[in-house]
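Contents: one structure, followed by commentary.
The values are calculated or read from the model by the stated rules, or taken from the named source; none is laboratory data. None of the values given here were measured: they were computed from a predicted structure. Every residue, glycine among them, receives a Cβ derived from its backbone with ideal geometry; neighbour counts consider all protein chains shown.
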Amino acid sequence: MSHHYQSILDSIRNEVLPLQNDGAVANYIPELATISPNRFGMHLRSIEGHDHAVGNSNENFSIQSISKVFALALVVSLVGEKIFKRVGVEPSGSSFNSLVQLEYERGIPRNPLINAGAMVVCDMLIGQLKKPKNEMLDFVRMLAHNKKIMFNERVAASEKEFGFRNAALANFLKSFGNIQHDVDEVLDLYFHICSIEMSCKDLATAFLLFANHGKHPGNDEALLTKSQTKRLNAVMQTCGFYDEAGEFSFTVGLPGKSGVGGGIVALHPHKYAVATWSPRLNPKGNSVMGMKALELLTTKLGSSIF
């Protein structure tokens, strides 16, 4: 199977290359618009720890909303199911930064992977951790087996400078009592978490946690229970791709998460985690080449979770 994975990744790269000019880089966060748009990387790590990669798989990029999964995993490891009293688990069906939906549902975000939901997660982390930014970064470094992972302060500053809608969401949450700490502190943590830079290899390694019953790969330490892992995978399956979660389930059939930095991570429980990166996005905010690459992967392997 090991050789099989590599040959499949090689063929996928050749098949998606004609798409490299399709889509557009996210430019509403100006720092993201500075990235060379024609990058493509893909890294698959099996549950046994075997690595297979093509393209720019070791190049760091801004993981953006993928980080929401790490923040959610950390808060669930600390407080368990209590998080879901303040955040729902339903697909949003509207924009990931919708104010209308938040008003309609009286300050309870639809799920933890839209912006408002991730802000509530950040608020809970501030209540649980002495140094939230440092401890969040340490958690991600541990999962990825890479102590060099960092925030990109330029991206965080760029998000803060142009984050008017996110500031509105945070203040709106505060008005409903669903943010308990200082709004600026919550936004600072949120922007920094989104600015984390990782490679496809880092992400595939870190996501093995969700493919391995919540056990940390390498030392078999259980960070999440089997039940918690199952629930987080379900949230990724239904809510991980903005307004395109149904399409991703339909074409790819794996739980995962995308980010507007062009990254996508997905996992097949008990088998592998896989990450792709290509900065050009479709109108829904997901990487054009990444979506196609993962569709080809499950098609060529002949297996998804369904």
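Here are 156, 144, 170: which of them is over 12 Å from residue 193 (Cβ atoms) and touching a Phe, Trp or Tyr at 6+ places or on another chain (Cβ under 8 Å)? Please lay out each step first, then the result.
Values: 156 fails: over 12 Å from residue 193 (Cβ atoms); 144 fails: touching a Phe, Trp or Tyr at 6+ places or on another chain (Cβ under 8 Å).
Result: 170 is the single residue among 156, 144, 170 that is over 12 Å from residue 193 (Cβ atoms) and touching a Phe, Trp or Tyr at 6+ places or on another chain (Cβ under 8 Å).
When both residues are 6+ apart or on different chains and their Cβ atoms are under 6 Å apart, which pairs have a first residue that lies in the range 188-202 and is under 9 Å from residue 156 (Cα atoms), and a second that is among the basic types (Lys, Arg) and modelled with pLDDT of 95 or more?
So the pair list comes out as 192/133.
Find all pairs meeting these conditions: Cβ atoms under 8 angstrom apart; at least six residues apart or on different chains; first residue within the range 208-222 and within 16 Å of residue 275 (Cβ to Cβ) and modelled with pLDDT under 95; second residue surrounded by fewer than 20 Cβ atoms within 10 Å (Cβ to Cβ) and of a type in the set (Gly, Ala, Ser).
The qualifying pairs are 217/49.
I'd like to check something: does the range 88-108 contain any residue that is in contact with a helix residue (DSSP H, G or I) (Cβ under 9 Å, 6 or more places away or on another chain), part of a loop (DSSP other than H, G, I, E, B) and modelled with pLDDT of 95 or more?
no
For the range 30-64, what are the residues that are part of a loop (DSSP other than H, G, I, E, B) and buried (at least 22 other Cβ atoms within 10 Å of the Cβ)?
Of all residues in the range 30-64, those part of a loop (DSSP other than H, G, I, E, B) come to 35-40, 47-50, 56-60, 63.
If the condition is that a residue be part of a loop (DSSP other than H, G, I, E, B) and buried (at least 22 other Cβ atoms within 10 Å of the Cβ), then 40, 57, 63 are the ones that fit.
Return the residues of the range 121-170 that are at pLDDT 95 or above and touching a Pro at 6+ places or on another chain (Cβ under 6 Å); say none if nothing qualifies.
Residues satisfying the conditions are 121, 125, 126.
For the range 219-237, enumerate the residues that are assigned to a loop (DSSP other than H, G, I, E, B) and touching a helix residue (DSSP H, G or I) at 6+ places or on another chain (Cβ under 9 Å). Walk me through how you get there before you give the answer.
Of the residues in the range 219-237, the ones assigned to a loop (DSSP other than H, G, I, E, B) are 219-220, 223-225.
If the condition is that a residue be assigned to a loop (DSSP other than H, G, I, E, B) and touching a helix residue (DSSP H, G or I) at 6+ places or on another chain (Cβ under 9 Å), then 223, 224, 225 are the ones that fit.
In the range 118-173, which residues are free of Cβ contacts under 8 Å to residues at least 40 places away in the same chain, buried (at least 19 other Cβ atoms within 10 Å of the Cβ) and either on the phi > 0 side of the Ramachandran plot or assigned to a helix (DSSP H, G or I) (or both)?
Residue satisfying the conditions is 156 alone.
Quick check: anything in the range 61-80 more than 19 Å from the chain's Cα centre (by Cα), of a type in the set (A, V, I, L, M) and modelled with pLDDT of 95 or more? If you could, list the steps in order and put the result at the bottom.
Keep residues of the range 61-80 that are more than 19 Å from the chain's Cα centre (by Cα), which gives 78-80.
Then keep just the ones that are of a type in the set (A, V, I, L, M); that gives 78-79.
Within this subset, residues satisfying the condition of being modelled with pLDDT of 95 or more are 78-79.
Checking the range 61-80: at least one residue is more than 19 Å from the chain's Cα centre (by Cα), of a type in the set (A, V, I, L, M) and modelled with pLDDT of 95 or more.
Consider residue 281 carefully, then state whether it is buried (at least 24 other Cβ atoms within 10 Å of the Cβ), within 19 Å of residue 115 (Cβ to Cβ), over 14 Å from the mean Cα position of the chain (by Cα) and in contact (Cβ under 8 Å) with a residue 60 or more places away in the chain.
Numbers: buried (at least 24 other Cβ atoms within 10 Å of the Cβ): yes; within 19 Å of residue 115 (Cβ to Cβ): yes; over 14 Å from the mean Cα position of the chain (by Cα): yes; in contact (Cβ under 8 Å) with a residue 60 or more places away in the chain: yes.
For residue 281, the condition - buried (at least 24 other Cβ atoms within 10 Å of the Cβ), within 19 Å of residue 115 (Cβ to Cβ), over 14 Å from the mean Cα position of the chain (by Cα) and in contact (Cβ under 8 Å) with a residue 60 or more places away in the chain - is met.
Just to check your reading of the model, which residue among 264, 179 is among the β-branched types (Val, Ile, Thr), assigned to a strand (DSSP E or B) and at pLDDT 95 or above? Write out each step before concluding.
Values: 179 fails: assigned to a strand (DSSP E or B).
Selected residue: 264, the only one of 264, 179 that is among the β-branched types (Val, Ile, Thr), assigned to a strand (DSSP E or B) and at pLDDT 95 or above.
Return the residue satisfying two criteria in turn: it lies in the range 1-29 and is assigned to a loop (DSSP other than H, G, I, E, B) and of a type in the set (A, V, I, L, M), and of such residues it is surrounded by the fewest Cβ atoms within 10 Å (Cβ to Cβ). Even if it seems obvious, please write down each step before you answer.
Step one: filter the range 1-29 for residues assigned to a loop (DSSP other than H, G, I, E, B), giving 1, 20-23, 25-29.
When the remaining residues are screened for being of a type in the set (A, V, I, L, M), the result is 1, 25-26, 29.
Values: 1: 10, 25: 18, 26: 21, 29: 21.
Checking each candidate, the answer is 1.
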